[in-house]
Amino acid sequence: MTIDTARPSVFLLIGQLGLGGAEYQVTLLAKGLLAQGVKVSVGVLFERGPHARTLSELGIPVTHLGFQRGAKPVRNAAAFAGLVRHLRRERPAIMHAHLPPAHLLGVPAARLAGVPVVVATLHTLDRYLRGRRWLAPVDRRAHKLCHHLFAVSAAVERFAVGRMGVPAHLVQVVHNGVPGEAFAAVFPADVQADGPVLVSVGNLNAHKGHCHLLDAAALLRNAGRPCTVVLVGDGPERERLREQAAALRVDVRFAGHQPDVRAWLARADVVVMPSLSESLGIAAVEAMAAMRPVVASEVGGLPELLRYRGVLVPPANATALADGIAWVLAHPAQARQLALEARIWSGTHLRADAMVDTYLAAYRRLAGWENTHAVAH
């Protein structure tokens, strides 16, 4: 494959550009690379999603590659062949895959197409493997075909090396980031409440642990500390959580998906992340940037964000969660200090431009761009 070295090109591949954290990070990475003068394009395997529109409006090509979830193998085999042809035609210098479907399909396609540098970001822990034992050896094979791997947290790096057998020297931690506006002050959302407001941002999926937050809210009410819970996000657990809130008689507001969560975070007396599994936790990063006190489960990548900068509690433990929230509410000065430490640390380590710079430095090293002037500044 002949590469145009006049302007380095990167092809980012992901299953879809919906409302998840990884999809948001790919969007930020694409925008940041474009701003750095890199020729960037994005491929989606299954469907486009709302972030695709954002990228298209910036002039970043987004190609739907025609894969179908659950389709017969012959149909997706045709899409796989189309992906190989697309890569041969576009001739990117680097193919960067995100999330397991892109690893499993995009990495071998890129090697068949002769893409010079093939890399992948590991965004997940072991949740995607549950009930699919066959997937682990296939995933390991795809990882071995990569020239380099990135992990969004040290927890994901440990999982990749310890459980997936990835050589440690091939993995580099690159934390997810948030744009500069996440650090800007905004007016809080209009949430009328008689007591403290607990905000939890995230898709309403079972592994996010919202049911434990509702149980904790009931415990706080029984202890004489009634709170209003605001769930910012949507998902398959919404109706079940509505039923649980009604049964517990706790005040829960369902805000639905919000494209900008800053006002909701600004309204929070406490931001709560009751997750059962979390590779890093972009909602925690956003809360840190907004300087809101955070109570979170001690799982996955959350401790590396919040140890000494927030309150960590055991997962799936409503009593411990209620105790952590009660401590924040009872100790406002200490809580503000934790939030300040979190904001300072996140401002140094968790900005999107720092994430883009780290990826770009790795691209330069892997593709041999150090001695060229191909990337404009």
Fill in: Among residues of region 165-179, those that are free of Cβ contacts under 8 Å to residues at least 12 places away in the same chain and not in a helix (DSSP H, G or I), counted
1
Item to complete: Could you identify the single residue in G114, G66, G82 that is of a type outside the set (K, R), at pLDDT below 95, surrounded by fewer than 20 Cβ atoms within 10 Å (Cβ to Cβ) and more than 23 Å from the chain's Cα centre (by Cα)?
Response: G66
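For (1) among the aromatic types (F, W, Y); (2) surrounded by fewer than 22 Cβ atoms within 10 Å (Cβ to Cβ); (3) farther than 23 Å from D190 by Cα, each residue gets a yes or a no:
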{"site": "D260", "(1), (2), (3)": "no, yes, no"}
{"site": "A263", "(1), (2), (3)": "no, yes, no"}
{"site": "A266", "(1), (2), (3)": "no, yes, no"}
{"site": "P274", "(1), (2), (3)": "no, no, yes"}
{"site": "G281", "(1), (2), (3)": "no, no, yes"}
{"site": "V285", "(1), (2), (3)": "no, no, no"}
{"site": "A289", "(1), (2), (3)": "no, no, no"}
{"site": "V294", "(1), (2), (3)": "no, no, no"}
{"site": "S297", "(1), (2), (3)": "no, no, yes"}
Worksheet item: Where in region 230-319 are there strands (runs of 3 or more DSSP E), lying fully within it, with 3 or more residues that are free of Cβ contacts under 8 Å to residues at least 60 places away in the same chain and outside the structural domain of Y24 (by TED's automatic domain parsing)?
Response: 251-256, 294-297, 311-313
Worksheet item: Does R249 meet the test of being at positive phi and surrounded by fewer than 17 Cβ atoms within 10 Å (Cβ to Cβ)?
Response: yes
Fill in: Qualifying residue in region 136-151 (condition: touching a His at 6+ places or on another chain (Cβ under 9 Å), closer than 28 Å to P332 by Cβ and buried (at least 19 other Cβ atoms within 10 Å of the Cβ))
no
Discussion item. Given the criterion over 19 Å from the mean Cα position of the chain (by Cα) and either surrounded by 22 or more Cβ atoms within 10 Å (Cβ to Cβ) or at pLDDT 95 or above (or both), identify the matching residue among G59, G43.
Written reply: G59
Worksheet item: Out of region 217-229, which residues are more than 32 Å from the chain's Cα centre (by Cα) and in contact (Cβ under 8 Å) with a residue 60 or more places away in the chain?
Response: A223, R225
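The values are calculated or read from the model by the stated rules, or taken from the named source; none is laboratory data. Values in this document were obtained by computation on a predicted structure and should not be read as measured data. Cβ: placed from backbone, ideal geometry, glycine included. Neighbour counts: every protein chain shown.
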